[in-house]
Amino acid sequence: MDFSAKLDNLKAKVDEVVASARAAAAEDRGQLKQRVDQAEDDAKQAVADAKQRADETADRAQSKWAQMKADAAARREDIKAKIDKRADQLDAKAAATDADWAEGDAADAIDYAILVVSDAQLAVLDALDARAYAEERAKIAAT
């Protein structure tokens, strides 16, 4: 399997997120709402694509995938609810506190993404090692 292409896609996605965050920092709430809606649609599509790939693999991956999908959906719904609730806030102090919490959540999500990327690195190395071992065993068995 060519993990380099998958990792290049991941890097491109990270670069896209960085550019989006930089652009969003200068946008008003209406523009941010559009960006959030688009990001949510993109995330749903990514989930659907990943689910399709997971459905093509072993049951072990599917059960892990089911939990990851549920966790991601819950996080998206929580963020969406916070955005919707924010429109009803009138108190500046409450809004500032909410902004602090949202910034903390974003920092935590980035930290989580870093951990997931580290897990992906370990999984890639494990897969490469497993393939190399299988090929080594096949050579030994052929002799």
Taking A25 as meeting all but one of (1) surrounded by fewer than 11 Cβ atoms within 10 Å (Cβ to Cβ); (2) under 30 Å from A130 (Cβ atoms), write down the number of the exception. (2)
Count - residues of the range 3-44 that are in contact (Cβ under 8 Å) with a residue 40 or more places away in the chain and of a type in the set (D, E): 1
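Given the residues A72, A113, A54, which is the only one that is modelled with pLDDT of 85 or more, surrounded by 12 or more Cβ atoms within 10 Å (Cβ to Cβ) and within 30 Å of S4 (Cα to Cα)? Can you show your working first?
Numbers: A72 fails: modelled with pLDDT of 85 or more; A54 fails: modelled with pLDDT of 85 or more.
None of the others qualify; the one that does is A113.
The values are calculated or read from the model by the stated rules, or taken from the named source; none is laboratory data. Just so it is clear, the structure is predicted and the values come from calculations on it, not from any experiment. Reconstructed Cβ throughout: ideal geometry from the backbone, glycine too, with neighbour counts over all protein chains shown.
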